[in-house]
Structures are given as structure tokens and as C-alpha cells.
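Input: a single structure, listed below in C-alpha cells.
The values are calculated or read from the model by the stated rules, or taken from the named source; none is laboratory data. What you see is a predicted model; the values in this text were computed from it and never measured. Counting neighbours? That spans all protein chains shown, and the Cβs are built from the backbone with ideal geometry, glycine included. Note: areas computed on protein heavy atoms with side chains; ligands, DNA, RNA excluded. Shrake-Rupley method; radii C 1.70, N 1.55, O 1.52, S 1.80 Å.
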Amino acid sequence: MQNKYEKYEQLSQDTLEKMTENKENWQGFLDTASRMYKYSFDDQVLIYAQRPDTRACADFSFWTAENRMNRHIKRNSDGIALLDRDKRKLHYVYAVEDTEPRINGKSRDPEAYIWKLPGENRAAVNEMLCKQGNISSDSFDKTIISMAFSVARIRAADYDDEFEKIYSKVSPDIPKDDMKKAFHNFIAESAAYIAAKRSGTDVTTYFSNQFADISLFQQVPFTALVGEATADTA
């Protein structure tokens with residue numbers, strides 16, 4: 001019989017298997033990851049599995065401590081279980097939707113701490129990005145996507161050694177060089193999607209034809225590697 005840790009370890013494995021079944025599942029995961037960008041890929045998977053629509057989450061002390069958010073966790077709220085693989089233990093975070101202000105009126109409003117890019121600031125941020133990247137663009141959406149693609153394609157090469165190991169074990173029915181090219185591009189697409197989604201871009205306008213190679217990464221080792229590289233890069 002599974003203990004609690006093994007139950008969530010299995011949930012993580014089962015979720016990984018489903019995430020690359022189709023592009024809709026993968027984009028659903030990326031939507032969650034775009035809000036959980038400070039978490040590791042391993043944590044993102046379990047947050048996606050348990051609370052895919054949460055806008056933010058944090059541990060109990062962050063929400064409740066007087067010198068931090070000073071909020072209540074709502075009664076009967078379930079924590080989101082995450083894995084500490086080194087110690088084989090669970091630790092929990094709680095969704096912002098499961099918190100409420102204290103009656104003393106001294107609670108902090110989470111909305112002030114959830115990062116967002118208001119529309120009136122997009123032009124100024126675009127100007128800064130163009131200056132930093134020495135490029136010319138009058139569209140923030142195109143700038144953030146272009147820069148994300150460029151950075152991600154460079155960073156994707158950092159995972160080539162791990163790619164080689166997995167490729168040699170899985171032996172997919174596609175030449176290695178073609179598979180590696182698809183691997184780099186898939187990471188770039190995924191990281192750019194997260195950056196765009198987090199910045200408030202209408203991703204349906206720019207990503208309608210992306211993730212066409214998702215079937216190449218349906219083996220769990222490849223899914224995990226693509227996910228880790230995407231999370232680190234985005």
C-alpha cells in the first residue's frame with residue numbers, strides 16, 4: 001500500500017505522462033507554469049496536477065506570519081503537496097484563493113504582490129527591452145516573444161549532454177540531429193510561451209501553430225528534460 005509520499009510521487013509520474021499527450025495538455029501546463037515561475041519544474045508539475053488555475057501559492061508561514069502576509073488559511077483548505085525528493089518527505093504550499101484577511105484589518109493584499117504588467121506600462125517596458133537588446137520594435141508582444149526565443153535557443157544547448165543520454169536509452173525512431181533540433185525548438189517555443197503568457201500577451205495570436213513536435217517528447221524522460229529546461233530558461 002502506498003504511503004502519502006509515494007501517492008504524490010505517482011501523481012507526479014502520471015501527470016508527466018499526460019502532459020505531452022497533446023498540445024492542449026502541454027499548453028495547459030505552461031499556463032500554470034507561467035504563474036509558478038519561481039518554482040522548480042518538479043513543483044510546477046504537482047501544482048498543475050492539484051491546483052492548475054491558482055494565481056499564486058506559498059507556504060503556511062508566508063501567508064500567516066504577522067510580519068509577512070498576516071492572513072488566514074480558510075478552514076478545510078487542502079494544501080498542495082510537493083515532493084522533497086532528497087528526504088522523501090512532503091511539504092505543502094497553499095493557494096492564494098484559499099487565504100482570507102484577518103479581522104484585525106492588518107492583513108496584506110496579495111494583489112499588490114502578484115507580478116503583472118499593466119497595459120499602460122507595456123510601451124515603456126518595450127522601449128527598455130529594445131534598448132537593452134539593441135533591436136527595433138513597436139510591439140511589446142513581438143519583442144518579448146522574439147527575445148525569449150533567442151535566449152531559449154542559446155540556453156537549450158546547455159541540456160545537450162542530458163539529451164544525448166536520454167536519446168541513447170530511448171532510441172526514438174528519428175535521427176539524432178533532427179531530434180536535437182526539434183528539442184531545442186520545443187524548449188524555445190515553451191519558454192517564449194511562458195514569458196508571453198506571464199506578460200499578458202494574447203498567446204492564441206502568436207502560438208496557434210506551435211508545439212507541432214510534441215509527439216517526439218511523450219516518453220517521460222524527454223518530457224521531464226524539456227520541462228526542466230523550459231522552467232530554467234523561462
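Structure notes:
- Farthest positive-ward along the range 40-141 dipole, Cα basis, beta-carbon charges - from Ala81, Gln132, Ile47: Ala81
- Summed over qualifying helices (DSSP H, 4 residues or more, each -39500 (n - 2.57)) and divided by its residue number, the chain shows a 222 nm mean residue ellipticity of -17000 deg cm²/dmol.
- A convex hull fitted to the Cα coordinates of the range 6-53 yields 58 cubic angstrom per residue.
- Ser146, Ser190, Ser136, reordered so the largest accessible area comes first (probe 1.4 Å): Ser136, Ser146, Ser190
- Placing pseudo-labels 7 Å out from each Cα toward the beta carbon at Asp86 and Ile154 gives an inter-label distance of 3.0 nm.
- Within straight-line cross-link reach of Lys106, lysines at Cα separation under 24 Å, skipping those fewer than 8 residues along the same chain: Lys74, Lys116
- In this simple spin-label approximation, Val125 and Met1 carry label points 7 Å from Cα along the Cα→Cβ vector, and these lie 5.0 nm apart.
- For the range 59-87, the residues whose backbone nitrogen is under 13 Å from a point 7 Å from the Cα of Tyr113, taken along Cα to Cβ, are 59-73.
- Electrostatic dipole magnitude of the chain [Cβ: Lys, Arg +1; Asp, Glu -1; Cα centre; debye, to 20]: 760
- Across the range 1-109, the volume of the C-alpha convex hull divided among the residues equals 114 Å³ per residue.
- Three principal axis extents describe the C-alpha atoms of the range 113-227; from largest down they are 50, 29, 26 Å.
- For the chain: Kirkwood Rh in Å [reciprocal of mean 1/r, alpha carbons]: 19.4
- Over all other residues within a Cβ to Cβ distance under 10 Å of Ala49, the charged ones net out to +1, with Lys and Arg as +1 and Asp and Glu as -1.
- With a Förster radius of 41 Å applied to the C-beta separation of Asn70 and Asn134, the computed FRET efficiency comes to 0.35.
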